[in-house]
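Colleague: Got a structure for you, questions after.
The values are calculated or read from the model by the stated rules, or taken from the named source; none is laboratory data. Small disclaimer: the values here were computed from a predicted structure and weren't measured. Here the Cβ positions follow ideal geometry from the backbone for every residue, glycine too, while neighbour counts run over all protein chains shown. To get the accessible areas, we keep the full protein, side chains included, count just its heavy atoms, and leave off ligands, DNA and RNA. Shrake-Rupley method; radii C 1.70, N 1.55, O 1.52, S 1.80 Å.
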Amino acid sequence: MCGIVGGIAERNVMPILLEGLRRLEYRGYDSSGIALLDADNTIQRVRTIGKIKQLENKIEQETTHFAGNIGIAHTRWATHGVPSENNAHPHICNNKVAVVHNGIIENYQTLKKIQIKSGYRFTSETDTEVIAHAIHQQLETTTDLLHAVTKAINEFEGAYAIGVITIDDPDTLVAARKGSPLVIGVGIGEFFIASDVSALLPVTQSFIFLEEGDVAKLTRNAIEIYDVNGQSVEREIKQSSLSVTAVELGEHRHYMHKEIHEQPQAVSNCLEGRITQDKVLVSSFGPQAEEIFKRIEQIHIIACGTSYHAGLVARYWFEDIIGLPCQVEVASEFRYRNPVIQNNTLFVTISQSGETADTLAALQKIKSFRDAFIDSQEDGSLVGWTSVQQAADDKRRHPKNIPTLTICNVPESSLTRESDLSYLTQAGPEIGVASTKAFTTQLVALALLLTSIGKVQQRLNEKREALIVEGLQKLPSLIANALTHEEEIEGIAQLFADKQHALFLGRGTMYPIALEGALKLKEISYIHAEAYPAGELKHGPLALIDENMPVIAIAPLDDLLEKLKSNIQEVKARGGQMIVLEDEQSDISSEEGIKVIKATTNVGRITAPITYNILLQLLSYHVALIKGTDVDQPRNLAKSVTVE
């Protein structure tokens, strides 16, 4: 999603802002811009569509001296208005105030009508321009930028992270957040703001993570932070463990390729300190985890995209291995329906960034439901959703124990802060839009979760716990072995050079892996790809099979292998090109119309889906290379979906 960088210093901040934008390119964007206050206290601005390099070129070509000690910058991913220079940020009102904004102002049309009547002129199609006008209007009665922003944001409905500068208060940078993440980088005699830590690593390792509703005033010598109630607060300064080189390509051509090959180490990091030789450490999920897990009767997983697929895999594990009911739901659907929430349900949210808008809203909905129930119990009143009011006498809708857990890759993210329990996957920075190592480590975390709950509830004996732990300990080497098949996968990718459609098949846990493989292929190669349970071929998808439809089947050595073989023959009989990823001990052989990759062996119910997915990641990557698409920043997509 959109990226923000800003800074105030004794030195020229323009190079810092440009480098910050480069480090935010992974988030996805279509345009960019920078605004600075120069030595004459004039706002200078440069904007362009396209890549950051084009912005840099435009600065060199169009300005004789583009410099300033205070400024803001932005990469935009279009929501309101097409990608264009006029719609690019920063937005300026009457040469007096400049604003950058992530999020969506939901009532912008109402505000726009009011502002037009007040004489404000709009030069873009964006919702952000109402922010600039609203702050400008407040500055008509004050020269204090903090006061003006604090008053203006009371008018906004929706989500925002903003950075603001003005000629009226030239030594102040103001930042505010509600629903979109924003961090402050702490230096010596200088301070910065950004959408995430990675943008500021070249200038600082010290960060303040703004909380929901915070407004911050930054000068060269101090930071003032005020909470949602307008009270002055102190926020802890935290040291980032990330290095500058952690987000650099190194010897790899693309971030996605780098991150695929980082997975053995990412899994090791995810497991470190969470298991012993043959046991899982339940306390890895938090000091209250054991007590919470004892009372759990079912699991409800909520996530989006790739994280949703991780949840689907885990559903098979929870029900098959420890016999615990598990429901998995897309966050954008859950947040808008009227669910019946069962007592003693552990809600698990999964997100790489911890800022996914729909997942965060779903978590907040769960918490408001729980809080409404507590309030109604204490004072007899009905508080919260309409569903709570309608269900005052319905015990099914009055749960007493609905703890929350998030599985996330980013410490201090909104999901992490708002959940009762959290598990950080320790995957390291993931820059490529198509998630790879984040997905793998989410599966590892879910495997540890089911083992922990099974252990606490005595659904797993010590022998089975030890077997699961042993399998997880083998996983880095299993992934490393799968990566040795890259050259073979690269050859298979040639079959997709002229193809526009593909079908993925799997059974059991391999069905959600097929879904994930299809998602990766369409994300970065723009090939239309679908995934089905292999047993559903006769119920419609078989009609699509012809010589132009490659079919990828995942064939582990398990109880469903013989049935999958029948599905493979059905495809072959209809002229389809089969690509089969199988266990070395399976007996499917390459022949006319069937390409077989004997990819792995000695995998179990937990390690198999993780290992096979590595091959599908490599396949999508090499198909994208053949198609010539933008691997790390595919069109129309963003890394972190922080708005609806």
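Colleague: Among the residues that make up the stretch 95-102, is at least one of them over 23 Å from the mean Cα position of the chain (by Cα) and assigned to a loop (DSSP other than H, G, I, E, B)?
Modeller: The initial filter retains those residues of the stretch 95-102 that are over 23 Å from the mean Cα position of the chain (by Cα), namely 95-99.
Restricting the remaining residues to those that are assigned to a loop (DSSP other than H, G, I, E, B) gives 95-96.
Yes, the stretch 95-102 has at least one match.
Colleague: Pairs under 7 Å by beta carbon, first residue at positive phi in the stretch 415-432, partner at pLDDT 90 or above and in a loop (DSSP other than H, G, I, E, B), six or more apart or different chains?
Modeller: Sorted first by the residue in the stretch 415-432, then by its partner, the pairs are 428/262.
Colleague: Separate question: Would you call residue 298 surrounded by fewer than 18 Cβ atoms within 10 Å (Cβ to Cβ) and either at positive phi or touching a Lys or Arg at 6+ places or on another chain (Cβ under 9 Å) (or both)? Walk me through it before giving the result.
Modeller: Values: surrounded by fewer than 18 Cβ atoms within 10 Å (Cβ to Cβ): yes; either at positive phi or touching a Lys or Arg at 6+ places or on another chain (Cβ under 9 Å) (or both): no.
So residue 298 does not fit the description; no.
Colleague: Okay, moving on. If only one of 151, 178, 96, 117 is free of Cβ contacts under 8 Å to residues at least 12 places away in the same chain and of a type in the set (Lys, Arg), which one is it? Lay out the reasoning, then the answer.
Modeller: Values: 151 fails: free of Cβ contacts under 8 Å to residues at least 12 places away in the same chain; 178 fails: free of Cβ contacts under 8 Å to residues at least 12 places away in the same chain; 96 fails: free of Cβ contacts under 8 Å to residues at least 12 places away in the same chain.
Selected residue: 117, the only one of 151, 178, 96, 117 that is free of Cβ contacts under 8 Å to residues at least 12 places away in the same chain and of a type in the set (Lys, Arg).
Colleague: Looking only at the stretch 399-414, count how many residues are more than 11 Å from the chain's Cα centre (by Cα) and either open to solvent by less than 10 Å² (accessible area, probe 1.4 Å) or at positive phi (or both).
Modeller: First, pick out the residues of the stretch 399-414 that are more than 11 Å from the chain's Cα centre (by Cα): 399-407, 411-412, 414.
Remaining after also requiring either open to solvent by less than 10 Å² (accessible area, probe 1.4 Å) or at positive phi (or both): 399, 402-407, 412, 414.
Residues flagged as more than 11 Å from the chain's Cα centre (by Cα) and either open to solvent by less than 10 Å² (accessible area, probe 1.4 Å) or at positive phi (or both) within the stretch 399-414 amount to 9.
Colleague: Tally the residues that are in a loop (DSSP other than H, G, I, E, B) and touching a residue at least 40 places away in the same chain (Cβ under 8 Å), restricting the search to the stretch 190-209.
Modeller: Filtering the stretch 190-209 for residues in a loop (DSSP other than H, G, I, E, B) gives 190, 195-196, 201-205.
From the residues that got through so far, the ones that are touching a residue at least 40 places away in the same chain (Cβ under 8 Å) too are 190, 195-196, 201-203.
Summing the residues that are in a loop (DSSP other than H, G, I, E, B) and touching a residue at least 40 places away in the same chain (Cβ under 8 Å) in the stretch 190-209 gives 6.
Colleague: Return the residues of the stretch 323-344 that are in a loop (DSSP other than H, G, I, E, B) and under 12 Å from residue 362 (Cβ atoms); say none if nothing qualifies.
Modeller: Those that are in a loop (DSSP other than H, G, I, E, B) and under 12 Å from residue 362 (Cβ atoms): 335, 336, 337, 339, 341.
Colleague: Further, regarding this structure: Regarding residue 470, is this residue charged (D, E, K, R) and crowded, with 18+ Cβ neighbours inside 10 Å? Don't jump to the end; show me each part of the working.
Modeller: On the way: charged (D, E, K, R): yes; crowded, with 18+ Cβ neighbours inside 10 Å: no.
Answer is no for this residue.
Colleague: Do we find a residue being in contact with a Phe, Trp or Tyr (Cβ under 7 Å, 6 or more places away or on another chain), assigned to a loop (DSSP other than H, G, I, E, B), open to solvent by 10 Å² or more (accessible area, probe 1.4 Å) and aromatic (Phe, Trp, Tyr) anywhere in the stretch 69-77?
Modeller: Filtering the stretch 69-77 down to residues in contact with a Phe, Trp or Tyr (Cβ under 7 Å, 6 or more places away or on another chain) leaves 75-77.
If we keep only those that are assigned to a loop (DSSP other than H, G, I, E, B) too, we end up with 77.
Filter once more, keeping what is open to solvent by 10 Å² or more (accessible area, probe 1.4 Å): 77.
After this cut, where a residue has to be aromatic (Phe, Trp, Tyr) as well, the list is 77.
Yes, that holds for at least one residue.
Colleague: When you scan the stretch 201-210, do you find a residue that is closer than 20 Å to residue 89 by Cα and of a type in the set (Val, Ile, Thr), even just one? Explain how you work it out, then say what you get.
Modeller: First, the residues of the stretch 201-210 that are closer than 20 Å to residue 89 by Cα: none.
Checking the stretch 201-210: not a single residue is closer than 20 Å to residue 89 by Cα and of a type in the set (Val, Ile, Thr).
Colleague: Please return the ranges of helices (runs of 4 or more DSSP H) entirely within the stretch 212-321 where 2 or more residues are charged (D, E, K, R).
Modeller: Details: elements: 255-261, 263-271, 289-294, 305-321.
Filter on the stretch 212-321 gives 255-261, 289-294, 305-321.
Colleague: Within the stretch 506-525, how many residues turn out to be open to solvent by 30 Å² or more (accessible area, probe 1.4 Å), in a helix (DSSP H, G or I) and either touching a helix residue (DSSP H, G or I) at 6+ places or on another chain (Cβ under 6 Å) or of a type in the set (Lys, Arg) (or both)?
Modeller: Qualifying residue count for the region: 2.
Colleague: Looking at the stretch 418-447 only, could you name the residues that are surrounded by fewer than 24 Cβ atoms within 10 Å (Cβ to Cβ) and in contact with a Phe, Trp or Tyr (Cβ under 8 Å, 6 or more places away or on another chain)? Before the answer, list the steps.
Modeller: So in the stretch 418-447, the residues surrounded by fewer than 24 Cβ atoms within 10 Å (Cβ to Cβ) come out as 418, 420-422, 424, 426, 428-429, 431, 433.
Of everything in the stretch 418-447, those that are surrounded by fewer than 24 Cβ atoms within 10 Å (Cβ to Cβ) and in contact with a Phe, Trp or Tyr (Cβ under 8 Å, 6 or more places away or on another chain) turn out to be 421, 422, 431, 433.
Colleague: Another one. For the stretch 617-644, name all the residues that are surrounded by fewer than 24 Cβ atoms within 10 Å (Cβ to Cβ) and either in a helix (DSSP H, G or I) or modelled with pLDDT of 90 or more (or both).
Modeller: Once the filter is applied, which keeps residues that are surrounded by fewer than 24 Cβ atoms within 10 Å (Cβ to Cβ) and either in a helix (DSSP H, G or I) or modelled with pLDDT of 90 or more (or both), the stretch 617-644 yields 622, 625, 626, 627, 628, 629.
Colleague: Let me ask something additional. Scan the stretch 362-375 residue by residue and report those that are open to solvent by 20 Å² or more (accessible area, probe 1.4 Å), in contact (Cβ under 8 Å) with a residue 40 or more places away in the chain and of a type outside the set (Lys, Arg).
Modeller: Listed by number, the list holds a single entry, 364.
Colleague: Residue 80 fails exactly one of the following numbered conditions: (1) open to solvent by less than 20 Å² (accessible area, probe 1.4 Å); (2) touching an Asp or Glu at 6+ places or on another chain (Cβ under 6 Å). What is the number of that condition?
Modeller: Just one mismatch for residue 80, condition (1).
Colleague: What tally of residues in the stretch 323-357 results from selecting those that are open to solvent by 10 Å² or more (accessible area, probe 1.4 Å) and aliphatic (A, V, I, L, M)? So that I can check it myself, show each step before the final result.
Modeller: Narrowing the stretch 323-357 to residues open to solvent by 10 Å² or more (accessible area, probe 1.4 Å): 323, 325-330, 332-333, 335-338, 340, 342-344, 352-353, 355-357.
Now drop any that are not aliphatic (A, V, I, L, M), which leaves 328, 330, 340, 357.
The number of residues fulfilling the criteria is 4.
Colleague: Can I ask one more? Can you name the condition, by its number, that residue 250 falls short on among (1) at pLDDT 90 or above; (2) over 18 Å from residue 146 (Cα atoms); (3) small (Gly, Ala, Ser); (4) out of contact with any helix residue (DSSP H, G or I) (no Cβ under 6 Å at 6 or more places or on another chain)?
Modeller: (1)
Colleague: Here is a list of conditions, (1) at pLDDT below 95; (2) in a strand (DSSP E or B), and residue 29 meets all of them except one; can you say which number that is?
Modeller: Failed condition: (2).
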